1. Relative to the present Cα-Cα distance, how much length would full extension add between residue 58 and residue 431 at 0.36 nm per residue of separation?
2. Using the basic label-point model (7 angstrom from Cα toward the beta carbon), what is the residue 417 to residue 443 distance in nanometres?
3. Please grab the % of Cα pairs in segment 152-456 that end up more than 32 Å from each other.
4. Stretched out fully, how many nm does the piece from residue 173 to residue 70 gain, at 0.36 nm a residue minus the Cα gap?
5. Note down the Stokes-Einstein diffusion coefficient of segment 243-339 in µm²/s, whole number, using a Kirkwood radius over alpha carbon pairs, 10 °C, and 1.306 mPa s.
6. Taking every pair of distinct Cα atoms and averaging 1/r, then inverting, what Kirkwood hydrodynamic radius in Å comes out for segment 342-427?
7. Rule-of-thumb check for segment 245-298: C-alpha Rg over 2.2 N^0.38 Å?
8. Quick one: 98, 337, 297, fewest Cβ neighbours within 10 Å first, how do they rank?
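We did not get these values from a lab; they are worked out from the coordinates using the rules stated. Bear in mind that the values here come from a model prediction, so they are computed numbers and not experimental data. So basically every Cβ, Gly included, is an ideal-geometry build from the backbone, and we count neighbours across all protein chains shown.
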């Protein structure tokens, strides 16, 4: 996965409490005790108490001098932009107020927590990628595995999880997987046929030139779930690149559908409120599997409510463990990665082509399974984006890449066994996995490496 720096941006504790209000317009006594930290993003997540009418909510926000950004009504949560007014919201009206904290696709690190490149050098002879002007991707000679996708021989992860064997049973027909990420190249020739309608919760996808993190202007602005980074397109190809179409490679579930839900900007950074909005929207529009190759430390009540909403509506949430190469709960007192560590989420670690645990893969008691994550070839945007990627196809590494191998396998399971519940699919994923380190569960690989063939009974 294209993991960039994991941001935890909750700032100083507020001084004082009570009904006099806080610098961001919300009272902070015990009735709204989670509102104890200032937001560095200028946004807050507000959950009003039961029985507080919409009119009363609007009046409270107006009195506080704050602006409603978005209403996540199924969660009873409002995203609010604060002008730092001091009017305050009466504490009895609010269950909680929390900063809308940053999330991202974090940076890839080695076992010592040091950043390492996620992109591998790769340029197969004869591959002609699509240009920014819209040219098609030309294929190499056909290769093996019963399909004619020319790059499948370079996709070691498919063989490692026995995907081709599973294809004798199912290829994922009828299942929608939401990729909640940086968007997708909507015209990519290896993905376009497998896309359903999506949405963007990122209002502006243009970066400011000359900013401190090297942002550059990209040629997209308010254009829906178009990938301006490359991360989401790479994740999508691992799940559902078309098979046997004579171009590129193949996904784990090449007949399933991808729902692009853009919640991360061109630099893979986003906010928990947008992620929660994306989760709810995807579930409400028919996604059965939610792929979250992103995260943040600590999490929020709102993000937990969104995951619980997905689970209550029969969806399976699959999330990346993170790329710090450590157990986050033992490192400088940091919290576990959210949403991977939330109950019911399938948390995914990464392995290498030689069957080892990747040095960067986080570990902990909440891990579910592992999957191929290092040196993964998949689709990339066919036009220039923020990241330095080879157009069309490229190789990336990280638990972001491992996560879609599991989402794709879940799509295969649900396609063959459509009457299963999300928890039954989850259990089938876990208990069909292949042990790598020790018999049974361990903190590094969970129940083992996902095995698509065993999961569908092939």
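1. Between residue 58 and residue 431, full extension yields an extra 129.4 nm.
2. 3.1
3. Working: 7538 of 46360 pairs.
Summing the P(r) of segment 152-456 above 32 Å gives 16 percent of all pairs.
4. Taking residue 173 through residue 70 to full extension adds about 33.7 nm, to one decimal.
5. Working: Rh = 15.0 Å.
This corresponds to a translational diffusion coefficient of 106 µm²/s.
6. Kirkwood radius, segment 342-427: 14.4 Å.
7. Normalised by 2.2 N^0.38 Å, the Cα Rg of segment 245-298 equals 1.37.
8. Numbers: 98 25, 337 30, 297 21.
By the 10 Å Cβ count, ascending: 297, 98, 337.
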